[in-house]
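Asker: First, the structure itself, so that you have it in front of you.
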């Protein structure tokens, strides 16, 4: 099991620590970040260390997912959970790191480590040793949990478990890690935070409605196949990116998706109740668009649940 210690400035962590109601955070990387973040896996922990000379471990969370997102998308999905008060402040901060001011409407791609169950330590007294964290490291470093139980990093990890709203225990995390190493990718799909869910679904579906292909971003919504209120989870394989009106029809059972072929299912009730729906009847049976990565595609069990419990057959 790994944890990642990310270097941040005091302003970012103090802004979030002053807002304990924000239990998600976007740890953004102003230069765009790597295309793939492999330091830790989704579900593993992510700790925050301030720059020198403060140099303290001050809190952490659990990685929901990592994506490269346009700045404005990151702001729309996370808002103040980006660690700033406004889009303008975020644009200015990115400009400072990039050493040039961004244009007012510039929308650069940034790296986004999306975190859930974030928490901060009341006493930021954990100073890592130079052996743990060299002074010339400016981004971060991953650590194997359990190898140095007396280290400040492992103390910070234990403290995170104590104060995090997740309710996770070391035993839970060991079980998650074992499934990640040896289980099927379908079985191991860590849950996302609510804010992360929307961002990840939009990214996985390429910013297009899975059914209509519409790509007008303000009209697109991340839909749950099995709603959270019905024992569903914020998971990428429990989501579809849908145009707002299509989302409503899916939630009300007028539309469904075949579990194995991903063919669009259209209820006869759509025509009976409203006297129209030709746009969807013309697409009936055609496969919807699904993510490229198999692990991100709609879960068969969730689609079956929707057809059995919601869809008007």
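The values are calculated or read from the model by the stated rules, or taken from the named source; none is laboratory data. Not measured: the values here are computed from a predicted model. Cβ atoms come from the backbone with ideal geometry, glycine included; neighbour counts cover every protein chain shown.
Asker: What about residue 264, is it farther than 23 Å from residue 191 by Cα and either at pLDDT 95 or above or in contact with a helix residue (DSSP H, G or I) (Cβ under 8 Å, 6 or more places away or on another chain) (or both)?
Answerer: Values: farther than 23 Å from residue 191 by Cα: yes; either at pLDDT 95 or above or in contact with a helix residue (DSSP H, G or I) (Cβ under 8 Å, 6 or more places away or on another chain) (or both): yes.
When the stated conditions are applied, residue 264 passes them.
Asker: Give region 117-138 a look and list any residue that's at pLDDT 80 or above, in a loop (DSSP other than H, G, I, E, B) and in contact with a strand residue (DSSP E or B) (Cβ under 7 Å, 6 or more places away or on another chain), or say none.
Answerer: Matches in region 117-138: 121, 128.
Asker: Let me ask something else. Between 253, 277, 285, which is touching a helix residue (DSSP H, G or I) at 6+ places or on another chain (Cβ under 6 Å) and on the phi > 0 side of the Ramachandran plot? Working first, answer last.
Answerer: On the way: 253 fails: touching a helix residue (DSSP H, G or I) at 6+ places or on another chain (Cβ under 6 Å); 285 fails: touching a helix residue (DSSP H, G or I) at 6+ places or on another chain (Cβ under 6 Å).
Sole residue among the options that is touching a helix residue (DSSP H, G or I) at 6+ places or on another chain (Cβ under 6 Å) and on the phi > 0 side of the Ramachandran plot: 277.
Asker: Among (1) at pLDDT 90 or above; (2) under 30 Å from residue 300 (Cβ atoms), there is one condition residue 154 misses while meeting the rest; what is its number?
Answerer: Every condition holds for residue 154 apart from (2).
Asker: Residues that are more than 30 Å from residue 72 (Cβ to Cβ): list the helices (runs of 4 or more DSSP H) wholly contained in region 209-313 that include at least 2 such residues.
Answerer: Working: elements: 244-251, 269-274, 278-281, 300-309.
In region 209-313, 269-274, 278-281, 300-309 are the helices (runs of 4 or more DSSP H) which contain 2 or more residues that are more than 30 Å from residue 72 (Cβ to Cβ).
Asker: Right, another one. Going by the structure shown, is residue 149 in contact with a strand residue (DSSP E or B) (Cβ under 9 Å, 6 or more places away or on another chain), within 21 Å of residue 1 (Cα to Cα) and assigned to a loop (DSSP other than H, G, I, E, B)? Step through it out loud before you land on a result.
Answerer: Numbers: in contact with a strand residue (DSSP E or B) (Cβ under 9 Å, 6 or more places away or on another chain): no; within 21 Å of residue 1 (Cα to Cα): yes; assigned to a loop (DSSP other than H, G, I, E, B): yes.
No; evaluated as a whole, the condition is false for this residue.
Asker: Then there's this: Residue 246 fails exactly one of the following numbered conditions: (1) over 15 Å from residue 288 (Cα atoms); (2) surrounded by 22 or more Cβ atoms within 10 Å (Cβ to Cβ); (3) out of contact with any strand residue (DSSP E or B) (no Cβ under 6 Å at 6 or more places or on another chain). What is the number of that condition?
Answerer: (1)
Asker: Continuing with the same structure: May I ask you to verify whether residue 95 is at pLDDT 95 or above and either under 28 Å from residue 3 (Cα atoms) or in the same structural domain as residue 128 (by TED's automatic domain parsing) (or both)? I'd like the intermediate steps shown before the answer.
Answerer: Numbers: at pLDDT 95 or above: no; either under 28 Å from residue 3 (Cα atoms) or in the same structural domain as residue 128 (by TED's automatic domain parsing) (or both): yes.
No, not satisfied.
Asker: Sticking with this one: When you check residue 275 against the structure, is it modelled with pLDDT of 95 or more and surrounded by fewer than 20 Cβ atoms within 10 Å (Cβ to Cβ), yes or no? Spell out the reasoning first.
Answerer: Details: modelled with pLDDT of 95 or more: no; surrounded by fewer than 20 Cβ atoms within 10 Å (Cβ to Cβ): yes.
When the stated conditions are applied, residue 275 does not pass them.
Asker: A further question follows. If you check 85, 25, 74, 39, which single one turns out to be under 25 Å from residue 127 (Cα atoms) and either at pLDDT 95 or above or touching a helix residue (DSSP H, G or I) at 6+ places or on another chain (Cβ under 8 Å) (or both)?
Answerer: Just a single option satisfies the conditions, and that option is 25.
Asker: Look through region 169-208, keep the residues that are assigned to a loop (DSSP other than H, G, I, E, B) and touching a strand residue (DSSP E or B) at 6+ places or on another chain (Cβ under 9 Å), and return whichever of them is modelled with the lowest pLDDT. Even if it seems obvious, please write down each step before you answer.
Answerer: At the first step, the residues of region 169-208 found to be assigned to a loop (DSSP other than H, G, I, E, B) are 169, 183-193, 205-208.
Cutting the leftovers down to touching a strand residue (DSSP E or B) at 6+ places or on another chain (Cβ under 9 Å) gives us 190-193, 205-208.
Working: 190: 61, 191: 75, 192: 88, 193: 90, 205: 97, 206: 95, 207: 95, 208: 97.
In this case the residue turns out to be 190.
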